[in-house]
1. Taking 0.36 nm per residue of separation and subtracting the Cα-Cα distance, what length does fully extending residue 135 through residue 97 add?
2. Any idea what angle helix 38-47 forms with the longest principal axis of the chain, computed on alpha-carbon atoms, 0 to 90 degrees, nearest 10?
3. Using a/c under 1.5 as the rounded threshold, could you call segment 76-119 rounded, prolate or oblate? The axes a ≥ b ≥ c are square roots of the C-alpha gyration tensor eigenvalues, and prolate needs a/b larger than b/c, oblate otherwise.
4. Using the alpha-carbon atoms, what tilt in degrees (0 to 90, nearest 10) does helix 101-110 show relative to the longest principal axis of the chain?
5. Evaluate the Kirkwood expression for the hydrodynamic radius of the chain, namely the inverse of the mean inverse distance over all pairs of different C-alpha atoms, and round to one decimal in Å.
6. Give, in nm to one decimal, the length gained when the segment between residue 112 and residue 19 is fully stretched (0.36 nm per residue of separation minus the Cα-Cα distance).
7. If each DSSP helix of 4+ residues adds -39,500 (n - 2.57) and the sum is divided by the residues in the chain, what number results at 222 nm, nearest 500 deg cm²/dmol?
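Quick note: the coordinates plus some simple rules give every number you see, no bench work behind them. A quick note: this is a predicted structure, and the numbers were derived from the prediction, not measured.
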Amino acid sequence: MKTQESNSIQFDGLRLSTHFTLGEFLNLGKYPDNIPTMEHVVNMTYGCLMILEPARRQVGPILVSSGYRNPRVNQLVGGVPNSQHQQGQTADIRPKDPQQFQQLVDFLRHHELTDQLLTGNGWLHISWKPCGTPRRFVRIGYYR
């Protein structure tokens with residue numbers, strides 16, 4: 001049986017892209033059973049390569065506070081039942097440098113692959129659709 005520590009080490013070392021690791025998207029320290037399937041990993045990799053890495057080139061380092069959530073974790077944190085977090089198609093992020101927040105919002109707002117962008121209290125919720133047409137839904141100040 002794997003321990004929480006071995007899961008964290010295993011996933012922290014797995015790169016989704018140059019600057020993002022799978023461990024950043026899982027929060028295994030708090031939710032050790034939040035283990036994604038390969039489909040979820042592919043979805044997160046798409047988001048990192050196609051949206052988060054280009055955003056990082058514009059604003060510098062980006063911190064991920066939430067990414068993939070299994071249904072139990074999604075319910076525990078009060079996520080909506082159809083949350084894209086459960087598909088690995090979402091990340092809650094913020095720039096490491098708070099002064100870059102508006103620049104990050106502007107970049108994501110105009111990125112052609114942004115499915116949904118919600119902002120609030122210094123962080124952003126960004127989603128993507130690896131298959132399908134992005135909705136391009138933007139709501140600034142959604143969470144207060």
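1. Details: separation 38, 0.36 × 38 = 13.68 nm, distance 2.83 nm.
The residue 135-residue 97 span can extend by a further 10.8 nm.
2. That works out to roughly 30 degrees.
3. oblate
4. For 101-110 against the chain, the angle is about 80 degrees.
5. Numbers: mean 1/r = 0.0657 Å⁻¹.
Computed over Cα pairs of the chain, the Kirkwood hydrodynamic radius comes out at 15.2 Å.
6. Gain on stretching residue 112 to residue 19: 31.4 nm.
7. Numbers: 5 runs with 42 residues, N = 144.
Value at 222 nm, helices only, nearest 500: -8000 deg cm²/dmol.
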